[in-house]
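Scroll down for the structure; my scribbles are underneath it.
The values are calculated or read from the model by the stated rules, or taken from the named source; none is laboratory data. Just so it is clear, the structure is predicted and the values come from calculations on it, not from any experiment. Cβ sites come from the backbone with ideal geometry, for glycine too, and all protein chains shown count toward neighbours.
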Amino acid sequence: MSAIVLLILGLGGMAAGYFLYSRFIATKIYRLDPDFKTPAHEYEDGVDFVPTNRFILWGHHFTSVAGAAPIVGPAIAVIWGWLPAFLWVVLGTIFFAGVHDFGAIWASVRNKAKSVGALTGDVVGKRARSIFMIVIFLVLLMVNAVFAVVIAGLMMNFSTAVVPVWGAILVALIIGQLIYRRILSLPVVSILGVIALYVLIFIGPAVPVQMPAEVGALSGNAVWILILFGYAAIASLLPVWVLLQPRDYINGLQLFIGLIVLYGSILFLNPTLVAPAINPDVPAGTPSMIPLLFVTIACGAISGFHGLVSSGTTSKQLNKETDARFVGYFGAVGEGMLALAAILAATAGFATFADWQAMYTAFGQGGVNAFVEGGAYMIHNGLGLNEVTAATLLTVMAALFAGTTMDTGLRLQRYIFQEWGEIYNQPWMKKNAPATLLAVGSCLLLAFGAGGADGTGGMIIWPLFGTTNQLLAGLTLLVITVMLVRLRRPMWYTLVPLCFLLVMTIAALLIQLRAFFEQGNYFLLFLDIVVLIAAILVAMECASALKRSREEMAEQQE
Amino acid sequence: MHDDHDKPHDPRLERIRAWLSQARFFAEEVYSSRYRGAIARARRDEDDLFMLLVFSEMMGVPNPAAYYTLELQPLLLERFHDWHKRMGMERSPLDHFKCC
């Protein structure tokens, strides 16, 4: 099948979702009011609460939610064939992610721009809020561990990208200073920054840095993981304007350039999907597609992380309530487009079916490496760029996203430890350095505990990361659903995705539980049980909250 | 700037200039709005430390620069109420210096 046909079907579906379904949700379910005074106006303070142009806000929202996860997940999931991944990404974006992200903004805006965590406490109950905190901590833990493993794998496989990836940090540091000290104006700095990044990408292939497979007692992979956590620990302690802010900005520009290059190369090349629509003989040890598909692709179809962004910063800056549809729903569509590009790169970017099969030798293999190699093949043949340079470009794109997420993730984890220090009266835990060490230590434990001392097996936790992420999304959907019940509006549009997610998550956890037990991986078995307990608690919380709200409504009617 | 007024306005040039300033505004918003809160909080933390230095002598903490900081006190008076509230003190910590 031609990749362009699939591309048009996917984009067409998501466009229909935006123009038809989101309009229906906006007018009939959330009933957005253009005259509603949003928190950005009500509490305007020039700092957190600032009414912002909707295109700028969308840019922010999109670049905050899009990262490495919508690339890694779909690129792993195509092992079952392109059709299941494609359908879940497109339908998930239309009926799940869009409604969820859009709803999280709406719920937050209607409640003084509170975060989903606080809303869970207010709308559902105190107990649910505690579960929410635990789930957030688990998500952060897994995202940091998994992304360190992803970047380490990229550094080992694509040695040409080592110089550009680390050089980009230097570029960001310089940009940060230039802007903070107002030495150059921002448009000039943006252009210079992008040029500097691309110069690095072009010289990368000339100066490959290959970490030896064995460094003393450690594997090369493990060394990279340690270096990455060392970097992330330092980066997360720096003031945001020094590194995180300029890095994020450059990543945002890079995201748009990368998307244009990828879609452009598909249009020029029109490659054929070499992977089967549904893979009849998956490698041994691959778990069942249902329910694992729905947790392998979290970001790109629906992700709880977006709810945190929607209710954390976006809702405080929303100029008009009606903008929520564009910012939230279209933000989800943007992420769906990135996931779609990842699917196409990982299934159409190979010359033959045998090449593709050689990439996907086992579950968890392929993944981001398949995205880089497939994408490089398409860019090389479609746009004529040297294949090594194209691979370097895509590796840099994925590694920079993952690196920025690690920086932010460790920062948030540090805040959680510091909050615990506050709650349990441990003054030492409130300090920056010990809290960061605890955060890094717990992530390292997971990265190495999951897959052995060489750190290559860390990708086993990817589906587990998906399940926790979906639980977070489930909690946000629960908040929205309870709000809708109290407003006497139809609840099915959020309740059905919620139930679907819970069923798939719990099923996936049970299947993995058995797999971990059979493998004798007791570390992950324990983690799986923790997530499973959280999932069951969320499900029971849903049932009780909905029952209570409906009873309240019925009483009021009498 | 003076010369600009004498020259006849070229509408095309004006349009480009307006467009550029718009682009600059957009870029700056994109760059800053996500981190505005975090940066403002970091700056406030620094300012809080400065407040402590300025008012330290009045709270019994010896300050070698008291002679100079005394001069600053009236200037920072406006911020004093917010500061002591932020520091977890319901009322002014100073006996002879009531603010609320």
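If you check every pair at least six apart or on different chains, which have Cβ atoms under 9 Å apart with a residue in the stretch A:542-557 that is surrounded by 14 or more Cβ atoms within 10 Å (Cβ to Cβ) first and a residue that is modelled with pLDDT of 90 or more and outside any helix (DSSP H, G or I) second?
A:546/A:491
When the residues of the stretch A:516-538 are narrowed to those that are small (Gly, Ala, Ser) and modelled with pLDDT of 90 or more, which ends up nearest to residue A:129 (Cα to Cα)?
A:534
Of the residues A:245, A:254, which single one is within 12 Å of another protein chain (Cβ to nearest Cβ) and polar (S, T, N, Q)?
Working: A:254 fails: within 12 Å of another protein chain (Cβ to nearest Cβ).
The unique qualifying residue is A:245.
Test residue A:116 against the criterion of being of a type in the set (A, V, I, L, M, F, W, C), over 30 Å from residue A:391 (Cα atoms) and at pLDDT 90 or above, and give yes or no.
Working: of a type in the set (A, V, I, L, M, F, W, C): yes; over 30 Å from residue A:391 (Cα atoms): yes; at pLDDT 90 or above: yes.
Judged against the criteria, residue A:116 is a match.
Here are some conditions: (1) at pLDDT 90 or above; (2) over 24 Å from the mean Cα position of the chain (by Cα); (3) surrounded by fewer than 20 Cβ atoms within 10 Å (Cβ to Cβ). Residue A:484 meets all but one. Which one does it not meet?
(3)
Looking only at residues that are modelled with pLDDT under 90 and closer than 17 Å to residue A:158 by Cβ in the stretch A:360-383, which one is surrounded by the most Cβ atoms within 10 Å (Cβ to Cβ)?
A:367
Taking the stretch A:7-37 as the region of interest, how many residues are aromatic (Phe, Trp, Tyr) and either in contact (Cβ under 8 Å) with a residue 40 or more places away in the chain or surrounded by 20 or more Cβ atoms within 10 Å (Cβ to Cβ) (or both)?
Narrowing the stretch A:7-37 to residues aromatic (Phe, Trp, Tyr): A:18-19, A:21, A:24, A:30, A:36.
Then keep just the ones that are either in contact (Cβ under 8 Å) with a residue 40 or more places away in the chain or surrounded by 20 or more Cβ atoms within 10 Å (Cβ to Cβ) (or both); that gives A:18, A:21, A:30, A:36.
So the answer is 4.
With respect to the numbered conditions (1) over 29 Å from residue A:363 (Cα atoms); (2) in contact with a Gly (Cβ under 9 Å, 6 or more places away or on another chain), which one is the sole condition not fulfilled by residue A:472?
(1)
Could you please give the count of residues in the stretch B:23-61 that are at the interface with chain A (Cβ under 7 Å from one of its Cβ atoms), part of a helix (DSSP H, G or I) and either touching a residue at least 24 places away in the same chain (Cβ under 8 Å) or not hydroxyl-bearing (Ser, Thr, Tyr) (or both)? Break it down into steps so the answer makes sense when it comes.
Narrowing the stretch B:23-61 to residues at the interface with chain A (Cβ under 7 Å from one of its Cβ atoms): B:23-24, B:26-31, B:33-40, B:42.
Okay, now just the ones that are also part of a helix (DSSP H, G or I), so B:23-24, B:26-31, B:36-40, B:42.
Remaining after also requiring either touching a residue at least 24 places away in the same chain (Cβ under 8 Å) or not hydroxyl-bearing (Ser, Thr, Tyr) (or both): B:23-24, B:26-30, B:36-40, B:42.
Residues flagged as at the interface with chain A (Cβ under 7 Å from one of its Cβ atoms), part of a helix (DSSP H, G or I) and either touching a residue at least 24 places away in the same chain (Cβ under 8 Å) or not hydroxyl-bearing (Ser, Thr, Tyr) (or both) within the stretch B:23-61 amount to 13.
Return only the number of the condition from (1) assigned to a helix (DSSP H, G or I); (2) exposed (fewer than 15 other Cβ atoms within 10 Å of the Cβ); (3) within 14 Å of chain A (Cβ to nearest Cβ) that residue B:78 does not satisfy.
Failing condition for residue B:78: (3).
Identify all residues within the stretch A:469-496 that are basic (Lys, Arg) and either part of a helix (DSSP H, G or I) or closer than 13 Å to residue A:96 by Cα (or both); write none if there are none. Explain how you work it out, then say what you get.
Initial filter on the stretch A:469-496 (basic (Lys, Arg)): A:486, A:488-489.
Once the filter is applied, which keeps residues that are basic (Lys, Arg) and either part of a helix (DSSP H, G or I) or closer than 13 Å to residue A:96 by Cα (or both), the stretch A:469-496 yields only A:486.
Restricting the stretch A:394-410 to residues that are among the polar types (S, T, N, Q) and more than 14 Å from residue A:70 (Cα to Cα), which is surrounded by the most Cβ atoms within 10 Å (Cβ to Cβ)?
Residue satisfying both the conditions and the ranking: A:395.
Which condition number in (1) farther than 18 Å from residue A:10 by Cβ; (2) assigned to a helix (DSSP H, G or I); (3) free of Cβ contacts under 8 Å to residues at least 24 places away in the same chain; (4) more than 14 Å from every other protein chain (Cβ to nearest Cβ) is the one that residue A:291 fails?
Unmet for residue A:291, out of (1) farther than 18 Å from residue A:10 by Cβ; (2) assigned to a helix (DSSP H, G or I); (3) free of Cβ contacts under 8 Å to residues at least 24 places away in the same chain; (4) more than 14 Å from every other protein chain (Cβ to nearest Cβ): (3).
Is the stretch B:87-99 home to any residue that is more than 21 Å from the chain's Cα centre (by Cα), at pLDDT below 85 and aromatic (Phe, Trp, Tyr)? Steps first, answer last, please.
Going through the stretch B:87-99, the residues more than 21 Å from the chain's Cα centre (by Cα) turn out to be B:88-99.
Now drop any that are not at pLDDT below 85, which leaves B:88-99.
Narrowing the set further to residues that are aromatic (Phe, Trp, Tyr) leaves B:97.
Checking the stretch B:87-99: at least one residue is more than 21 Å from the chain's Cα centre (by Cα), at pLDDT below 85 and aromatic (Phe, Trp, Tyr).
From the list A:227, A:201, which residue is among the β-branched types (Val, Ile, Thr), away from chain B (no Cβ under 14 Å) and in contact (Cβ under 8 Å) with a residue 60 or more places away in the chain? Walk me through it before giving the result.
Numbers: A:227 fails: in contact (Cβ under 8 Å) with a residue 60 or more places away in the chain.
Unique residue meeting the criteria: A:201.
Quick check: anything in the stretch A:318-329 of a type in the set (Phe, Trp, Tyr), in a loop (DSSP other than H, G, I, E, B) and touching a helix residue (DSSP H, G or I) at 6+ places or on another chain (Cβ under 7 Å)?
We begin by selecting, within the stretch A:318-329, every residue of a type in the set (Phe, Trp, Tyr); these are A:326, A:329.
Going one step further and asking which of them are in a loop (DSSP other than H, G, I, E, B), we end up with none.
No: the stretch A:318-329 contains no residue that is of a type in the set (Phe, Trp, Tyr), in a loop (DSSP other than H, G, I, E, B) and touching a helix residue (DSSP H, G or I) at 6+ places or on another chain (Cβ under 7 Å).
Go through (1) charged (D, E, K, R); (2) within 14 Å of another protein chain (Cβ to nearest Cβ); (3) exposed (fewer than 10 other Cβ atoms within 10 Å of the Cβ) one by one and return the number of the condition residue B:17 breaks.
That leaves (3) as the condition not met.
Under the condition of being surrounded by fewer than 21 Cβ atoms within 10 Å (Cβ to Cβ) and more than 21 Å from the chain's Cα centre (by Cα), which residue from the stretch A:504-515 is nearest to residue A:291 (Cα to Cα)? Explain how you work it out, then say what you get.
To start, the set of residues in the stretch A:504-515 that are surrounded by fewer than 21 Cβ atoms within 10 Å (Cβ to Cβ) comprises A:504, A:506-507, A:510-511, A:513-515.
Filter once more, keeping what is more than 21 Å from the chain's Cα centre (by Cα): A:507, A:510-511, A:513-515.
On the way: A:507: 6, A:510: 10, A:511: 9, A:513: 13, A:514: 14, A:515: 14 Å.
Looking at the filtered set, the residue picked out is A:507.
Of all residues in the stretch A:197-220 being crowded, with 19+ Cβ neighbours inside 10 Å and at pLDDT 90 or above, which is farthest from residue A:64 (Cα to Cα)?
A:205
Could you tell me which of the residues A:128, A:40, A:97, A:66 is under 29 Å from residue A:461 (Cβ atoms), among the small types (Gly, Ala, Ser), touching a residue at least 12 places away in the same chain (Cβ under 8 Å) and within 14 Å of chain B (Cβ to nearest Cβ)? Lay out the reasoning, then the answer.
Values: A:128 fails: within 14 Å of chain B (Cβ to nearest Cβ); A:40 fails: under 29 Å from residue A:461 (Cβ atoms); A:97 fails: within 14 Å of chain B (Cβ to nearest Cβ).
On inspection, the qualifying residue turns out to be A:66.
Out of (1) closer than 30 Å to residue A:149 by Cβ; (2) surrounded by fewer than 19 Cβ atoms within 10 Å (Cβ to Cβ); (3) within 14 Å of chain B (Cβ to nearest Cβ), the odd one out for residue A:91 is which?
Of (1) closer than 30 Å to residue A:149 by Cβ; (2) surrounded by fewer than 19 Cβ atoms within 10 Å (Cβ to Cβ); (3) within 14 Å of chain B (Cβ to nearest Cβ), only one is false for residue A:91: (3).
What about residue B:72, is it exposed (fewer than 11 other Cβ atoms within 10 Å of the Cβ) and either more than 14 Å from every other protein chain (Cβ to nearest Cβ) or basic (Lys, Arg) (or both)?
Details: exposed (fewer than 11 other Cβ atoms within 10 Å of the Cβ): no; either more than 14 Å from every other protein chain (Cβ to nearest Cβ) or basic (Lys, Arg) (or both): yes.
Taking the combined requirement at face value, the residue does not satisfy it.
Residues are listed down the side, and each one gets a yes or a no for (1) in contact (Cβ under 8 Å) with a residue 12 or more places away in the chain; (2) farther than 27 Å from residue A:57 by Cα; (3) crowded, with 23+ Cβ neighbours inside 10 Å:
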residue: A:312; (1), (2), (3): yes, no, no
residue: A:316; (1), (2), (3): yes, no, yes
residue: A:321; (1), (2), (3): yes, no, no
residue: A:325; (1), (2), (3): yes, no, no
residue: A:341; (1), (2), (3): yes, no, yes
residue: A:346; (1), (2), (3): yes, yes, yes
residue: A:352; (1), (2), (3): yes, yes, no
residue: A:357; (1), (2), (3): no, yes, no
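Which numbered condition trips up residue A:327, out of (1) out of contact with any His (no Cβ under 6 Å at 6 or more places or on another chain); (2) within 14 Å of chain B (Cβ to nearest Cβ)?
The failed condition is (1).
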